[in-house]
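Single-structure report; data block below.
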Amino acid sequence: PNYARIAEFCNLWRNYDDIQDSWGSVLSIINYYGDSQDDLVPVAGPGHWNDPDQLIIGDSLTVDQAKAQMAIWSIMASNKQCYFLFPCREIIAVNQDKLGKMGSRRFMNNAIQVWSRPLADGSVAVAVINVASSAHTVPVSFEEIGLRASTASVRDLFAFQNLGDFTNGFTTAAIRPTGALMFKVTASKQ
């Protein structure tokens with residue numbers, strides 16, 4: 001589809017299968033957006049949004065899978081919806097960031113996907129999901145996520161915890177199978 005043309009006339013569009021109540025469905029949408037990001041990212045922003053479909057949180061997904069969906073949906077960016085119902089205010093703030101830029105997948109292998117999104121304050125939101133059946137720690141380089149700084153502070157958005165200052169990157173805690181971690185990475189003031 002010609003998404004630039006669609007964006008001229010629509011403020012929200014769904015361009016993939018309807019979500020089903022399963023991790024497989026959620027993951028297929030995540031993979032579609034990652035595989036199609038070169039077409040989708042340039043046209044998404046304030047006033048015109050891709051719609052990855054509803055959150056399945058609280059139903060058949062595990063807590064880790066729900067976190068993965070919440071993290072990636074927030075990285076994708078969207079218009080204001082009923083996000084006030086969810087207690088993850090910092091993650092919702094990422095979703096509603098006024099810069100309005102859609103994030104993109106920066107790394108993928110058979111086990112891990114790393115997504116990032118630039119934020120209006122110069123920080124970068126990062127979602128790391130584990131699509132494998134075993135736990136993984138993941139090294140995240142600042143360059144890979146689009147942060148133009150060598151030192152930065154990292155905040156875990158699910159744990160509501162500052163993890164400290166890091167140089168050139170950081171390594172996540174172990175991410176459980178089909179789970180996610182989400183971070184806000186802010187360049188240190190020089």
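Computed values, structure above
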read-out: Relative contact order [Cα under 8 Å, 6+ residues apart], the chain, whole percent; value: 18 percent
read-out: Least to most buried among Cys88, Cys10 (fewest other Cβ within 10 Å first); value: Cys10, Cys88
read-out: Close Lys-Lys pairs in the chain, where close means Cα under 19 Å and separation is 8 or more or interchain; value: 5
read-out: GNM top mover of Asp64, Asp51, Asp38 - the chain, alpha-carbon springs below 10 Å; value: Asp38
read-out: Formal net charge of residues neighbouring Ala66 (Cβ-Cβ distance under 14 Å; K, R +1; D, E -1); value: -1
read-out: Rg to Rh, two decimals, where the chain supplies the alpha carbon set and Rh follows Kirkwood; value: 0.94
read-out: Potential lengthening between Leu99 and Thr167 on full extension [0.36 nm per residue; Cα-Cα distance subtracted]; value: 21.9 nm
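A short reminder: the numbers here are calculations on the coordinates, not readings from a lab. Keep in mind that this is a model prediction, so the values were computed, not measured. No Cβ is skipped: glycine too gets one built from the backbone with ideal geometry, and neighbour counts run over all protein chains shown.
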